[in-house]
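The values are calculated or read from the model by the stated rules, or taken from the named source; none is laboratory data. Computed from a predicted model, the values in this text were never measured in an experiment. Ideal geometry is used to build each Cβ from the backbone, glycine not excepted, and the neighbour counts take in all protein chains shown. Accessible surface areas use protein heavy atoms only, side chains included; no ligands, DNA or RNA. Shrake-Rupley method; radii C 1.70, N 1.55, O 1.52, S 1.80 Å.
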Amino acid sequence: VQLQASGGGLVQPGGSLRLSCAASGRIFSINAMGWYRQAPGKQRELVAVISSGTSTNYADSVKGRFTISRDNAKNTVYLQMNSLKPEDTAVYYCRVWSGLRNYWGQGTQVTVSS
């Protein structure tokens, strides 16, 4: 199973980015999908998660600014990030749960700076 994340980059404060993460390989039934992030010197933290249905959960720091969604036909999870702040700067990782296993993507850098 491989997870390919994309969409990171450099953006000014107040700007927007959309991250994508596509799962491929021998993956049969995906349960939850999520995004985590890790800033320099900090622990990796949950940003948002979406269940196999439509249930979502967000970190308090991103509520109202970030939206997680998924396309089950494409085994892809998205993270729409609006009103970005410098403190959102981090490496963003996708994570997928399938049965008793979970898989991590390689990470994509998001830098919010003027």
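Observations
- With respect to being buried (at least 16 other Cβ atoms within 10 Å of the Cβ) and within 20 Å of GLN2 (Cβ to Cβ), TYR58 falls outside the description.
- In the set (1) assigned to a loop (DSSP other than H, G, I, E, B); (2) over 17 Å from LEU17 (Cα atoms); (3) open to solvent by 80 Å² or more (accessible area, probe 1.4 Å); (4) among the small types (Gly, Ala, Ser), GLY53 fails one condition alone, (3).
- For segment 12-27, the criterion of being touching a Pro at 6+ places or on another chain (Cβ under 7 Å) and exposed (fewer than 14 other Cβ atoms within 10 Å of the Cβ) is satisfied by at least one residue.
- Looking across segment 75-92, the residues that are more than 11 Å from the chain's Cα centre (by Cα) and either surrounded by 12 or more Cβ atoms within 10 Å (Cβ to Cβ) or part of a loop (DSSP other than H, G, I, E, B) (or both) come down to ASN75, ASN82, SER83, LEU84, LYS85, ASP88, THR89, ALA90.
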